[in-house]
Amino acid sequence: MRAALDDLVARRLADQAAIPAFTCYGADTALAVVSAAEEAGLPVILLVAPSAAEPRLIRTLRSIADAAAVPVCVQLDHAKDAALISMAIEHGVDAVLADGSHLPPDANAAFVREVGAFAATRGVVVEAELGSVPGDEDRAEAVEVSGKTDPAQIRPFLAASGAQLLACGVGNVHGRYRGAPALDWPRLARIRAEAGTVPLVLHGASGLPPSDLRRCGAVGVGKVNVNTELRTAMLETLEAGVGPARASGEDMLALTRAVLDKATGVARTVLETLGG
Ligand SMILES: [Zn+2]
């Protein structure tokens, strides 16, 4: 069922829990993720990567979200240009990440403000990112931590941008962590204090230990983005299943079901770890 992302996140944070957002490159991944959310009885977010964003995929995810038995939001992730954002809003996303994190803070805020003015007329929620989360969202390469968010910039940035959710860099990366991940919890606490009522978002949750995920809701992180972990699990299942599928008469259905069951299992574990 359709839901407003800001309301959903606020409700989960009141219970010290966070909502996971999973990147869906196709309809089948979205169906697997929604199955996990329905089994767990918890809300979930379907992310559209900018690399995959096109009208048919967005409309398909919209229809999967609307038909779900639990609240499901569709969000355009990491959008750096207004034309892509307008297209996604036109085709039915509930939220967008207006990503100006590559810009100086003033220009970043101006970009978010401009997107927000349009998004508000369509009831679409806007997330911003300040500081940077290094790495490529679509590739699982080992990444060094860099570009942590400066807590001193939070208050002026939120006032100037009007962002409704804020993604920040606290030692998190897209892709794979080089060495053991070490989130900067003291910095996160300072960011939380400066952000007031605006919920925080943690990108790059793949590879974090469950204890880190369990902590998110209690420290004001209301949304957690997951991509690599889902892809890795699906690819491993696919790899192991290709030989048997070929040997059993090109049984594509059994192979597809095995891959999607794996995705549902991974999504369910993340959902429950973030706060069941
Ligand atoms: Zn991200």
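Roughly what % of Cα-Cα distances in the range 163-208 sit above 14 Å, to the whole percent? When every Cα pair of the range 163-208 is considered, 49 percent fall beyond 14 Å.
Scattering from the C-alpha atoms of the range 129-253 alone, worked out with Debye: what is log10 I(q)/I(0) at q = 0.11, 0.17 1/Å? For the range 129-253, the Cα-only Debye profile gives -0.45, -0.83. Overall, the range 56-157 carries a charge dipole of about 360 debye about its Cα centre when +1 sits on the Cβ of Lys and Arg and -1 on the Cβ of Asp and Glu, all other atoms neutral. For SER248 and GLU114, the difference between the fully extended length at 0.36 nm per residue and the C-alpha to C-alpha distance is 42.7 nm. Accessible area per residue for the chain in Å², computed with a 1.4 Å probe and the full protein assembly in place, what is it? Spelled out: the 1.4 Å probe surface of the chain, per residue, equals 41 Å². Computed in the context of the full set of protein chains, the accessible area of the chain at 1.4 Å probe radius has 54% of its extent on carbon or sulfur. If R₀ is 35 angstrom, what is the calculated FRET efficiency for the pair ALA159 and ARG56, using the beta carbon separation as r and rounding to 0.05? In this case the efficiency is close to 0.35.
Dipole magnitude for the range 5-275: about 480 debye, using +1 per Lys or Arg Cβ and -1 per Asp or Glu Cβ, origin at the Cα centre.
Residue-normalised convex hull volume from the C-alpha trace of the range 5-275: 116 Å³ per residue. Quick check on the range 1-104: take the gyration tensor over C-alpha atoms, sort the square-rooted eigenvalues as a ≥ b ≥ c, and tell me if it's rounded (a/c under 1.5), prolate or oblate. It is oblate, given that a/c is not under 1.5 and a/b is not larger than b/c. Site pair ARG257 and ALA27 shows an inter-label distance of 1.9 nm when each label is modelled 7 Å from Cα along Cα→Cβ. Note on the range 212-276 and the range 42-76: Cα centroid distance 17 Å, given to the nearest whole angstrom.
The values are calculated or read from the model by the stated rules, or taken from the named source; none is laboratory data. Nothing here was measured: the structure is a model prediction, and the numbers come from that model. Because the Cβ atoms are built from the backbone with ideal geometry, glycine has one as well, and the counts that use them run over all protein chains shown. For the accessible areas, the whole protein counts, side chains as well, though only heavy atoms, and no ligand, DNA or RNA atoms are used. Shrake-Rupley method; radii C 1.70, N 1.55, O 1.52, S 1.80 Å.
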